[in-house]
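The values are calculated or read from the model by the stated rules, or taken from the named source; none is laboratory data. What you are looking at is a predicted structure, and each value in this text was computed from that prediction instead of being measured. Neighbour counts run over all protein chains shown; Cβ positions are idealised from the backbone, glycine included.
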Amino acid sequence: MPDIRQAKILIMATDGFEQSELEVPKQKLSEAGAKVTVAAPQSRQSPKEIKGWDEKDWGRPVPVDQDLESVNPDAFDALVLPGGQINPDKLRLEPKAIEIVRSFYSAGKVVAAICHAPWLLVEAGIVKGRKVTSYQSIKTDVINAGGQWSDEAVVVDKGLITSRNPGDLEPFSKKIIEEVQEGSHADRRQAAE
């Protein structure tokens, strides 16, 4: 079982992420001892930070540690995908973002998505046959992609972690730590076939 204090976690986001859905997991994982890296697509306006959405208006900027194009999934143990409506909708148009999601999943690494972020899982083609949850408004998208959707705070299917909304952040963050410490989930691909 890997120690969370040696884990390297990638949070992938862009402008419009739900503020708490990036900040809370980042804080909880950092407090547990993991090294957390925030990656985002290059932006001409502000390449060193991305801006969150805080409930009804723009929120605080978060520093970006790495450009999305330079991310090597082999260097990380888990991928965290914050939600919000804007962030995952923009990221699912980024070929490199989808490549990163697929790479983590294919390698049996932990992939955690909350709120609208399962749109990225749908786009990457990895929800078919998986138990998942999401924000209520994308339930049909998840089901149409073959996901087995349920209305629960956290759903885990062999290292694939999904949650519904900011109210689920505590159990979502706790489950990321637990699943990272479980190690590889390479067997999930055979289970889906």
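Would you check if residue 148 is at pLDDT below 95, among the polar types (S, T, N, Q) and on the phi < 0 side of the Ramachandran plot?
no
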- Item | Among (1) more than 15 Å from the chain's Cα centre (by Cα); (2) modelled with pLDDT of 95 or more - the single one residue 98 does not satisfy | (1)
- Scan of the range 151-162 for residues that are on the phi < 0 side of the Ramachandran plot and either of a type in the set (D, E, K, R) or in contact with a Pro (Cβ under 7 Å, 6 or more places away or on another chain) (or both), ordered by number: 151, 152, 153, 154, 157, 162
- Message: Residues to consider are 191, 186; find the one that is among the hydrophobic types (A, V, I, L, M, F, W, C), assigned to a loop (DSSP other than H, G, I, E, B), at pLDDT below 95 and more than 19 Å from residue 83 (Cα to Cα).
- Response: 186
- Examine the range 116-130 for a residue that is charged (D, E, K, R), under 16 Å from the mean Cα position of the chain (by Cα) and under 20 Å from residue 14 (Cβ atoms), and state whether such a residue exists. yes
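Residue-by-condition table, conditions (1) surrounded by fewer than 18 Cβ atoms within 10 Å (Cβ to Cβ); (2) touching a Lys or Arg at 6+ places or on another chain (Cβ under 8 Å); (3) among the basic types (Lys, Arg):
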{"position": "74", "(1), (2), (3)": "yes, no, no"}
{"position": "79", "(1), (2), (3)": "no, yes, no"}
{"position": "92", "(1), (2), (3)": "no, no, yes"}
{"position": "109", "(1), (2), (3)": "no, no, yes"}
{"position": "118", "(1), (2), (3)": "no, no, no"}
{"position": "125", "(1), (2), (3)": "yes, yes, no"}
{"position": "128", "(1), (2), (3)": "yes, no, yes"}
{"position": "134", "(1), (2), (3)": "no, yes, no"}
{"position": "138", "(1), (2), (3)": "no, no, no"}
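Quickly run through the range 2-59 and pick out the residues that are at positive phi and modelled with pLDDT under 95.
Matches in the range 2-59: 55 only.
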- Query: Can you tell me which residues in the range 69-102 are among the acidic types (Asp, Glu) and in a helix (DSSP H, G or I)?
  - Reply: 69, 74, 89, 99
- Any chance the range 42-49 includes a residue that's surrounded by 18 or more Cβ atoms within 10 Å (Cβ to Cβ) and not in a helix (DSSP H, G or I)? no
- Query: Hey, any hits in the range 8-15 for a residue that's surrounded by 22 or more Cβ atoms within 10 Å (Cβ to Cβ), assigned to a loop (DSSP other than H, G, I, E, B) and touching a helix residue (DSSP H, G or I) at 6+ places or on another chain (Cβ under 6 Å)?
  - Reply: yes
- Do you know which residues across the range 16-39 are within 15 Å of residue 116 (Cβ to Cβ) and in a loop (DSSP other than H, G, I, E, B)? 16
- Task: Report yes if some residue within the range 154-167 is within 19 Å of residue 16 (Cα to Cα), part of a helix (DSSP H, G or I) and modelled with pLDDT of 95 or more; otherwise report no.
- Result: yes
- Over the range 155-171, the set of residues in contact with a strand residue (DSSP E or B) (Cβ under 7 Å, 6 or more places away or on another chain), surrounded by fewer than 21 Cβ atoms within 10 Å (Cβ to Cβ) and more than 20 Å from residue 87 (Cβ to Cβ) is 157, 171
